[in-house]
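To keep things clear, I will list the structure first and then write my remarks on it.
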Number of protein chains: 4
Amino acid sequence: MAVDSRQSKGRRARTTELPVTGTALLLIDVVNDLAFGGSESLISEAEPMSKRLADFKRRATRAGIPAVYVNDNFGQWRSDFRRTVAHCTSRSSPGRLVSKRLRPTSKDYFVLKPKHSGFYDTTLDTLLADLKITRVIVTGIAGNICVLFTANDAYMRGLRIYAPADCIVSNTAEDNAHALRQIQAVLKGRIDPSDQFTFARRRARR
Amino acid sequence: MAVDSRQSKGRRARTTELPVTGTALLLIDVVNDLAFGGSESLISEAEPMSKRLADFKRRATRAGIPAVYVNDNFGQWRSDFRRTVAHCTSRSSPGRLVSKRLRPTSKDYFVLKPKHSGFYDTTLDTLLADLKITRVIVTGIAGNICVLFTANDAYMRGLRIYAPADCIVSNTAEDNAHALRQIQAVLKGRIDPSDQFTFARRRARR
Amino acid sequence: MAVDSRQSKGRRARTTELPVTGTALLLIDVVNDLAFGGSESLISEAEPMSKRLADFKRRATRAGIPAVYVNDNFGQWRSDFRRTVAHCTSRSSPGRLVSKRLRPTSKDYFVLKPKHSGFYDTTLDTLLADLKITRVIVTGIAGNICVLFTANDAYMRGLRIYAPADCIVSNTAEDNAHALRQIQAVLKGRIDPSDQFTFARRRARR
Amino acid sequence: MAVDSRQSKGRRARTTELPVTGTALLLIDVVNDLAFGGSESLISEAEPMSKRLADFKRRATRAGIPAVYVNDNFGQWRSDFRRTVAHCTSRSSPGRLVSKRLRPTSKDYFVLKPKHSGFYDTTLDTLLADLKITRVIVTGIAGNICVLFTANDAYMRGLRIYAPADCIVSNTAEDNAHALRQIQAVLKGRIDPSDQFTFARRRARR
């Protein structure tokens, strides 16, 4: 297996070393206006999460892991991702802080999705095949909906799942805990906190 | 059937009246740099075609039919359609004249496709379902490749196919003729010239 | 909406009346050898469930609702459903009682699935389209895996979900409860017990 | 590339050597009642073809190449392949001779398809992935419809296409010739006659 878990001496019990080759970071619905009734509690979770995820993305992309934005098109079939980013980072957007912190760069990939799963009627399958991806790190909003649906579909495609627990938020803590438990128990995924994942440049054996 | 073909007295033998409701116009790979070895003959066909297709698109969209650009992403997973349009209409693009004439407006829809068929790993299925489309008018480049692949897939989905013969071009006249024959014989499509199609605003019976 | 929920005076608080037209009953992995380590507790739940589901199936099919077996092929790419039924009802199969009670008849439909969701790489989409289905009743094993994956995919396709709570079992009661909660909260499904569902022959307005 | 074409001295200009590992033989709609108006000419072509294909299949399966029947379900959603075989080989079936000659054995795989392409809403993708297939040999009926649609879809998935020209028949010779030309020119497939293909047991480099 490509994962290398080691017992270290100190406070950190284990780290999960992920090979750079064959791994992609999926950022799911993080460019988001979060404009729905009752979104306050989700926003209050998403804002600190977005800081951790921005750090994690920085570490991952620096190591050479491609970042793929898998993002709702908000029913805007005529607009492109640029316009979605502009809308979600605008003053009137409740999700502006989250969207700004995780704003994509010109090096990132993006896939607009019309439904909950990032694989449903999108080009994600073809993109991951092109990039020769066998492992996905799933992150984003909401853990028990779009993140879980995408993880389920990744699992059926034989991809290994990694879900940094502190880079995923849901409407309620209970929903989030259950989604993570489902990823761990059913999808055989790793749900360590983001700082437990390290990246190894050496070529993965596949 | 939603199609209404009438014998008229004058010079035009028949027209095919298409209901506006439930019909979409697909423009396949018309935003195209046509930058491949030996593209000269295709370009010489595509330029006059693009004029006819621009006219046809104007008539169709005026009647209320949505125009959907189903366009190659040219392997540019990081760019959006806007950038593809800029690239294909630039000075250095052999396809600039075609791409300029058929440049999308802000009212048009677009779907980026990674492979030949507009349905393969794209959101086209979901978009057409959202728009409640049951008939597609297929147009564009190349008739025997991306247009035919897309038409085949439309046919398997139970959509009715209309292929204005003079709004489709292929690398060779023979390839184009055979693609049209295949659309007519196998896919039960109509392949009349574009000026034989008219659009009816009254509600389609479906 | 096609669902008709009525407050009745007596002991039953509500019934959900489902139109026959447009509704299908999905029986997910109920023909199952249940031959995996630690399956005892699942079997002890599945056996009484299978009795309730057999009753429910009888009522539904009598009313005219098609029953669709959506069943694992157990990696047996060379065998057909008949052989799977024979295997799962044989003496050596821990799931024989469940499989026998729910043995398909010649009037039932079946779709062999290679993965968890009944929609993944199967003909289920085409079958449901052929039968003009807009509502699915999901039942079977295991609630938090194949039933939930299938329900998720049904939801993305715009189908209404009905999940008779007592006709679904999972490895643990907690997993089952959470799967039902997910179906109710995220997929907007009804999770009433099976005897609260009634079937109405009158044509559904759609 | 895995294909090894050699100039030989004698009468045979070239043979195409296919590695056994990673190659599958697809038999498309060869179990077929051919019961449609005007099928006589197709039958008169299909009968001698079925003899050549039976020989070719024997050689291929002996070498270790899996044979996959990709067959229409004839709208019989309730029946399995065994019943389709019984129907198509029965006395009243115009296609009985073809179907008998190509009757599947218990070692063959089968995938029931609801539409023209063997990949559309079927488990073929998953089966080929399970078998680690990167090359498909497409054979069967009709060349310009189900064989071509399946070959198109195989091509979009990155599979290499081999189409033994004398193991494919269409309604007319012209349709067949054009389908083969399309496979060769657009899908970059090999269309040599069946006796020009040989099979090599040594492991394919992929």
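The values are calculated or read from the model by the stated rules, or taken from the named source; none is laboratory data. Everything numeric here is computed off the predicted structure, so don't read it as measured data. Ideal geometry is used to build each Cβ from the backbone, glycine not excepted, and the neighbour counts take in all protein chains shown. For accessibility, only protein heavy atoms count, side chains too; no ligands or nucleic acids. Shrake-Rupley method; radii C 1.70, N 1.55, O 1.52, S 1.80 Å.
Look at residue C:177 and say whether it is without any contact (Cβ under 8 Å) to a residue 12 or more places away in the chain and of a type in the set (Gly, Ala, Ser).
On the way: without any contact (Cβ under 8 Å) to a residue 12 or more places away in the chain: yes; of a type in the set (Gly, Ala, Ser): yes.
In short, yes.
Here are some residues: C:70, C:111. Which one is closer than 17 Å to residue C:147 by Cα, modelled with pLDDT of 95 or more and in contact with a helix residue (DSSP H, G or I) (Cβ under 9 Å, 6 or more places away or on another chain)?
On the way: C:111 fails: modelled with pLDDT of 95 or more.
Testing whether each residue is closer than 17 Å to residue C:147 by Cα, modelled with pLDDT of 95 or more and in contact with a helix residue (DSSP H, G or I) (Cβ under 9 Å, 6 or more places away or on another chain) leaves just C:70.
Considering only residues of the range C:156-188 that are crowded, with 20+ Cβ neighbours inside 10 Å and more than 14 Å from chain A (Cβ to nearest Cβ), which is farthest from residue C:133 (Cα to Cα)?
Here the answer is C:169.
All but one of (1) within 14 Å of chain A (Cβ to nearest Cβ); (2) surrounded by fewer than 24 Cβ atoms within 10 Å (Cβ to Cβ) hold for residue C:133, so report the exception by its number.
Of everything listed in (1) within 14 Å of chain A (Cβ to nearest Cβ); (2) surrounded by fewer than 24 Cβ atoms within 10 Å (Cβ to Cβ), residue C:133 misses just condition (1).
Residue B:31 fails exactly one of the following numbered conditions: (1) within 14 Å of another protein chain (Cβ to nearest Cβ); (2) modelled with pLDDT under 95; (3) in a loop (DSSP other than H, G, I, E, B). What is the number of that condition?
Condition (2) is where residue B:31 drops out.
Take the residues in the range A:156-180 that are among the hydroxyl-bearing types (Ser, Thr, Tyr) and more than 16 Å from residue C:187 (Cβ to Cβ), then tell me which one is modelled with the lowest pLDDT.
Looking at residues that are among the hydroxyl-bearing types (Ser, Thr, Tyr) and more than 16 Å from residue C:187 (Cβ to Cβ), I get A:172.
If I go through the range D:156-193 residue by residue, how many of them are among the charged types (D, E, K, R) and either over 22 Å from residue D:21 (Cβ atoms) or in a helix (DSSP H, G or I) (or both)?
Total satisfying the criteria: 4.
Just the residues that are of a type outside the set (Ser, Thr, Tyr) and within 14 Å of the chain's Cα centre (by Cα), please, taken from the range B:81-100.
Pass one, the range B:81-100, residues of a type outside the set (Ser, Thr, Tyr): B:81-83, B:85-88, B:91, B:94-98, B:100.
Listed by number, the list holds a single entry, B:98.
Answer yes or no as to whether residue C:153 is crowded, with 20+ Cβ neighbours inside 10 Å, modelled with pLDDT under 95 and part of a helix (DSSP H, G or I).
On the way: crowded, with 20+ Cβ neighbours inside 10 Å: yes; modelled with pLDDT under 95: no; part of a helix (DSSP H, G or I): yes.
For residue C:153, the condition - crowded, with 20+ Cβ neighbours inside 10 Å, modelled with pLDDT under 95 and part of a helix (DSSP H, G or I) - is not met.
Residues that are touching an Asp or Glu at 6+ places or on another chain (Cβ under 6 Å) and within 17 Å of residue B:113 (Cα to Cα): does the range B:42-61 have at least one?
no
Which condition from (1) of a type outside the set (Gly, Ala, Ser); (2) more than 12 Å from every other protein chain (Cβ to nearest Cβ); (3) touching a Pro at 6+ places or on another chain (Cβ under 9 Å) is the one that residue D:100 breaks?
Of (1) of a type outside the set (Gly, Ala, Ser); (2) more than 12 Å from every other protein chain (Cβ to nearest Cβ); (3) touching a Pro at 6+ places or on another chain (Cβ under 9 Å), only one is false for residue D:100: (3).
Identify, by number, the condition in (1) open to solvent by 40 Å² or more (accessible area, probe 1.4 Å); (2) of a type in the set (A, V, I, L, M); (3) under 21 Å from residue C:83 (Cα atoms) that residue D:111 doesn't meet.
Looking at each condition in turn, residue D:111 falls short on (1).
For the subset of the range C:56-95 comprising residues that are buried (at least 22 other Cβ atoms within 10 Å of the Cβ) and out of contact with any Phe, Trp or Tyr (no Cβ under 9 Å at 6 or more places or on another chain), which member is farthest from residue C:41 (Cα to Cα)?
C:57
Scan the range C:103-129 for residues that are at the interface with chain D (Cβ under 7 Å from one of its Cβ atoms) and under 19 Å from residue B:125 (Cα atoms) and jot them down.
C:121, C:122, C:123, C:125, C:126, C:127 - these are the residues of the range C:103-129 that are at the interface with chain D (Cβ under 7 Å from one of its Cβ atoms) and under 19 Å from residue B:125 (Cα atoms).
Yes or no, residue by residue, for (1) part of a helix (DSSP H, G or I); (2) out of contact with any Lys or Arg (no Cβ under 6 Å at 6 or more places or on another chain); (3) among the hydrophobic types (A, V, I, L, M, F, W, C); (4) touching a residue at least 60 places away in the same chain (Cβ under 8 Å):
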{"residue": "B:75", "(1), (2), (3), (4)": "no, yes, no, no"}
{"residue": "B:86", "(1), (2), (3), (4)": "yes, yes, yes, no"}
{"residue": "B:100", "(1), (2), (3), (4)": "yes, yes, no, no"}
{"residue": "B:106", "(1), (2), (3), (4)": "no, yes, no, no"}
{"residue": "B:110", "(1), (2), (3), (4)": "no, yes, yes, no"}
{"residue": "B:116", "(1), (2), (3), (4)": "no, yes, no, no"}
{"residue": "B:121", "(1), (2), (3), (4)": "no, yes, no, no"}
{"residue": "B:128", "(1), (2), (3), (4)": "yes, yes, yes, yes"}
{"residue": "B:137", "(1), (2), (3), (4)": "no, yes, yes, yes"}
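Mind checking which residues of the range A:136-155 are of a type in the set (Ser, Thr, Tyr) and facing another protein chain (nearest Cβ under 9 Å)?
Within the range A:136-155, just A:155 meets the criteria.
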